[in-house]
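Taking it in order: structure first as structure tokens, then the write-up.
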Amino acid sequence: MSMDTTKRILLFKAGLAPEVRPVPETLYAAQRLIDCKMLEGIPLSGGIYIMCDEEGLLEGKPANYPIVPWLRGDFYVTRIDDDNDGEDVGLHDGDIDALMLIFAQTQQLPGGA
């Protein structure tokens, strides 16, 4: 894997609509993206994970997703390939479409239709 390899994630910045973003495939890039020191992965289903700041609640970061009150600060959603040593491979087109629909149905998105 070269140093300039990127993956696509779905980024949730507090108070903004989700955004598909290409990011470098490094831990440092992931931590900078959501401004955290300790990245935590929360499994959803089918290899999809929420990646968030493990200490967001303790640090008093703002609530970002109302139906999960302890999920604080910015977070992103990605795909982890369990068949490939748990590598974060990013989202596929179908993942992004399904996730946008799920999140739109569970909260009123700013700027949404």
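Quick one: Phe75 ticks every box in (1) within 19 Å of Thr5 (Cα to Cα); (2) in contact (Cβ under 8 Å) with a residue 60 or more places away in the chain; (3) not acidic (Asp, Glu) bar one, so which box is it?
Here Phe75 meets the rest and fails (1).
Does Gly90 count as surrounded by fewer than 10 Cβ atoms within 10 Å (Cβ to Cβ), at pLDDT 90 or above, over 21 Å from Gly15 (Cβ atoms) and out of contact with any Pro (no Cβ under 7 Å at 6 or more places or on another chain)? Spell out how you get there, then give the answer.
Numbers: surrounded by fewer than 10 Cβ atoms within 10 Å (Cβ to Cβ): no; at pLDDT 90 or above: yes; over 21 Å from Gly15 (Cβ atoms): yes; out of contact with any Pro (no Cβ under 7 Å at 6 or more places or on another chain): yes.
No, not satisfied.
Could you check segment 65-87 and list, in sequence order, the residues that are modelled with pLDDT under 90 and closer than 13 Å to Ile48 by Cβ?
Within segment 65-87, Asp81, Asp82 meet the criteria.
Sort out which residues of segment 45-58 are exposed (fewer than 13 other Cβ atoms within 10 Å of the Cβ) and either more than 19 Å from Gly86 (Cβ to Cβ) or touching a residue at least 24 places away in the same chain (Cβ under 8 Å) (or both), and write them in order of number.
The one that is exposed (fewer than 13 other Cβ atoms within 10 Å of the Cβ) and either more than 19 Å from Gly86 (Cβ to Cβ) or touching a residue at least 24 places away in the same chain (Cβ under 8 Å) (or both): Leu58.
What residue, among those in segment 19-28 that are surrounded by 12 or more Cβ atoms within 10 Å (Cβ to Cβ) and modelled with pLDDT under 90, is farthest from Met100 (Cα to Cα)?
Here is the first cut: in segment 19-28, the ones surrounded by 12 or more Cβ atoms within 10 Å (Cβ to Cβ) are 20-21, 23-26.
Then drop every residue that is not modelled with pLDDT under 90, which leaves 25-26.
Values: Glu25: 22, Thr26: 24 Å.
That would be Thr26.
Taking segment 12-21, which residues are out of contact with any helix residue (DSSP H, G or I) (no Cβ under 7 Å at 6 or more places or on another chain), in contact (Cβ under 8 Å) with a residue 60 or more places away in the chain and in a strand (DSSP E or B)?
Matches in segment 12-21: Phe12 only.
The values are calculated or read from the model by the stated rules, or taken from the named source; none is laboratory data. All of these numbers come straight from a predicted model, not from anything done at the bench. Neighbour counts run over all protein chains shown; Cβ positions are idealised from the backbone, glycine included.
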